[in-house]
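In what follows, a single structure is set out as structure tokens and then discussed.
The values are calculated or read from the model by the stated rules, or taken from the named source; none is laboratory data. All values derive from a computational prediction rather than experimental measurement. Note that we place each Cβ from the backbone using ideal geometry, even for glycine, and neighbour counts take in every protein chain shown. Heads up: the accessible areas ignore ligands, DNA and RNA and are worked out on the full protein's heavy atoms, side chains in. Shrake-Rupley method; radii C 1.70, N 1.55, O 1.52, S 1.80 Å.
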Amino acid sequence: MSKVLITCVWLLGSAYGAFAHATSVVFLNPGMSTETFWVSYAQFMQAGAKDLGLHLRVRYSERDADNTLRQAREALHGSERPDYLVLVNEQYVAPQILRMAQGSGVKLLMVNNALTADQVQLLGKGVDWLGSLVANDEQAGYLMLSDLLRQHGPVAPGAFIDLLAFSGTKTTPAAQLREQGLRRALAEHPEVRLRQLVYGEWSRQRAYEQATLLFKRYPQAALVWSANDEMALGAMQALQDSGRVPGKDALFGAANSSPDILRARLDGRLSTLVAGHFTLGGWAMVLINDDAKGVDIDAHGGRDRQEALFQLIDTTQAQRLLGPMAPVDFRALSAVGKPASYRYPFSLQLLLR
């Protein structure tokens, strides 16, 4: 074979190899592989990856932080390291993973739960990551209680409204922020008495058990605030088992958009629903695609960004979310070739058209 032919073959092979190599991403999913929210989250993420030509692998921790750390170690120091690792600061695991990643050549992006201020300070300046993408969790908690009170209506002077609240876990920033939103709304409404806030750990069964006791302890509870759909469904079942009717004897509010909670919104058992943050993983794929193509994503809205994804879901929107959603053109959202003034238009409305 001549030198010219050898050179041509090598050049063709190199071009093919560059074309064939897709940017690889591993997502450390903190949820259960049977958990509606995290499964739908991963599905939307896969849709984004497919549209953008990324190779995405999803690994579920089954809500075990030790599993997350083991999976991170395998991704960062194994034989098949990805280009990017997407993680959630669930149960405060992010600092350990960030330290683990130093020198690996893998870029890290956090979604849903970013680092807390204390974690940033403890990590110092020697640890780096691509950025973070979170939803407006504090606003979600605030919206939920505010809308529940709007539907309940005013009370007579000197009267009170009894409230029960179900938060997620103490070591999850999103849960803490939703609680902060709850307390901001409480500060505006002194007529509301928070009788008890418990940590349902995002679980329907645990919330059911807790609510069974709480409804006996506080039979006058008129409002139930829940940081996710599963806990709200568990609390609703507990109220039903006591012979009362959700949506009539007590008003319930929840976050997320699983089919069960959307149906509860449609049939009136659930009075208030906020949703939209299940899209975060899909939007993260757009940021990774752009970074891989040399775009400075920091120039288009900042490195650590909070998107106003949570919104109140009415019955029309609930029905829309239960059906096939509008296809999203993820490539059209990319900042590649866009002016410096471009800002990513991430929104639930892209799916509700």
From ARG305, ARG343, ARG320, ARG353, residue being assigned to a helix (DSSP H, G or I) and charged (D, E, K, R) | ARG320
Reported set for region 113-137 where residues are touching a strand residue (DSSP E or B) at 6+ places or on another chain (Cβ under 9 Å) and outside any loop (DSSP other than H, G, I, E, B) is GLY131, SER132, LEU133, VAL134, ALA135, ASP137
Would you mind listing the helices (runs of 4 or more DSSP H) fully within region 23-101 where at least 1 residues are of a type in the set (D, E, K, R) and under 29 Å from PRO327 (Cα atoms)?
-> 36-52
Yes or no: ASP291 touching a Lys or Arg at 6+ places or on another chain (Cβ under 9 Å), open to solvent by 10 Å² or more (accessible area, probe 1.4 Å) and among the charged types (D, E, K, R)?
-> yes
Does region 218-235 include one or more residues that are more than 17 Å from SER146 (Cα to Cα) and assigned to a strand (DSSP E or B)?
-> no
Which condition does SER257 not pass, out of (1) in a helix (DSSP H, G or I); (2) in the same structural domain as GLY168 (by the TED database), if it passes all the others?
-> (1)
Is region 156-169 home to any residue that is outside any helix (DSSP H, G or I), touching a helix residue (DSSP H, G or I) at 6+ places or on another chain (Cβ under 6 Å), under 24 Å from ALA284 (Cα atoms) and open to solvent by less than 20 Å² (accessible area, probe 1.4 Å)?
-> yes
Which numbered condition PHE330 misses (of (1) of a type outside the set (A, V, I, L, M); (2) without any contact (Cβ under 8 Å) to a residue 40 or more places away in the chain; (3) open to solvent by less than 10 Å² (accessible area, probe 1.4 Å)) = (2)
Which ones in region 173-214 are among the charged types (D, E, K, R) and on the phi < 0 side of the Ramachandran plot?
-> ARG178, GLU179, ARG183, ARG184, GLU188, GLU191, ARG193, ARG195, ARG204, ARG206, GLU209
Residue that is farthest from ARG217 (Cα to Cα) [pool: residues in region 170-181 that are open to solvent by 40 Å² or more (accessible area, probe 1.4 Å) and modelled with pLDDT of 95 or more] | LEU177
Output the residue which, of all residues in region 197-207 that are open to solvent by 50 Å² or more (accessible area, probe 1.4 Å) and either in contact with a Leu (Cβ under 8 Å, 6 or more places away or on another chain) or part of a loop (DSSP other than H, G, I, E, B) (or both), is nearest to SER258 (Cα to Cα).
-> ARG204
Could you identify the single residue in GLN311, GLN240, GLN319, GLN306 that is closer than 21 Å to GLY168 by Cα, of a type outside the set (Asp, Glu) and surrounded by fewer than 19 Cβ atoms within 10 Å (Cβ to Cβ)?
-> GLN306
Name the pairs: first residue in region 56-72 and without any contact (Cβ under 8 Å) to a residue 60 or more places away in the chain, second residue of a type in the set (Lys, Arg), Cβ to Cβ under 7 Å, at least 6 apart or on different chains?
-> GLN71/ARG59
